[in-house]
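Take a look at the structure set out below.
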Amino acid sequence: MKKTNEHQATKPTATVAFRKAKITEYTEEIKAYNTAQSTWGKRNYDGVLHSTNYEEYFPDLIITNSTSNKAIDPIIATIFDSQETLTIGVFIIPKQFDETNTQEQFIDNFENFRHQYDAILLMTEDSNFTDFGFKEIIPNSENTAMTHYRNSCFDFQSFKNVFAPKNIVFMRTALGSGSTKAIEAIQSAFAIPAFYRNQIAVLKDSILCVKSGTDQYTIDEINLVCNYSLDQIKTGATLVHDTFEDNSLGNTIRASVFISGFDSLD
């Protein structure tokens, strides 16, 4: 059994408690943001929920900027709606491990923090929450300790499914180009790094977002991406997806995924 570093285990607890207490304080400010952003209007859900105001269903995200050792302490991400809050410890996976930052140290570190958060998120250095439809809201205060986003693609329940209690979630993004850009992007997005492969029993609920540039994706390409994603996850697990445009991508496609199912890396 791995030993938990006492200092690491107690320090984030105070931070998490502080963050949860602050949620109440920010409620009125968030309502003001909702009003200011109301031009986003309403969204329909595949003919099931018509004219549903997105503010009631779509989550906000607050990222707490780390002021401590980023190589050790997690970034705190809080995803919430008007009723519930998910507090997530975020760790960035190094592009490569070496003698000063080994794979074993990385795993030990986030496992030590794991019981203090609703879930742990492991993200690659090139992935970003904006790849999943989170848009930054410009604050009307001088508080620079937090960055506030709102999602325009996925409802809060989708994130609850992925960030199930004590789950380990993997976040990855990948680009594809040329005539096979769609399958190239999604295959790379689901390409789990070597040190995970022997630790994963099944992949469960996932969130998929596909962004296209000036070269638009076709219906056949989107179907290919979704079908490939469904083939990777457990039968009966939920896959939610959305698509939008980003002309800065040029003639490429970006596929971004949240993948859950990592019960442990022990």
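For the stretch 104-257, a crude dipole built from +1 on the beta carbon of Lys and Arg and -1 on the beta carbon of Asp and Glu, taken about the Cα centre, is about 380 debye to the nearest 20. With θ taken as phi - 60° and the Karplus curve 6.51 cos²θ - 1.76 cosθ + 1.60 applied, the whole-hertz 3J(HN,Hα) list for the stretch 109-124 is 5, 6, 5, 5, 8, 4, 6, 8, 10, 5, 7, 10, 10, 10, 10, 7 Hz, x standing for glycine and proline. Here's how it looks for Leu203: its modeled amide H is under 5 Å from those of Lys234, which are all 5 or more places away or on a different chain. Net charge of the neighbourhood of Ile137, taken over other residues with C-beta under 9 Å away and scored Lys/Arg +1, Asp/Glu -1, is 0. The length gained on full extension between Gln157 and Glu84, counted as 0.36 nm times the residue separation minus their Cα-Cα distance, comes to 25.3 nm. Accessible area of Thr78 (1.4 Å probe, protein heavy atoms only, ligands and nucleic acids ignored): about 0 Å². The calculated FRET efficiency for Ile219 paired with Thr100, based on their beta-carbon distance and R0 = 51 Å, is about 0.60.
The values are calculated or read from the model by the stated rules, or taken from the named source; none is laboratory data. These figures come from a predicted structure and were not determined experimentally. Ideal geometry is used to build each Cβ from the backbone, glycine not excepted, and the neighbour counts take in all protein chains shown. Note: areas computed on protein heavy atoms with side chains; ligands, DNA, RNA excluded. Shrake-Rupley method; radii C 1.70, N 1.55, O 1.52, S 1.80 Å.
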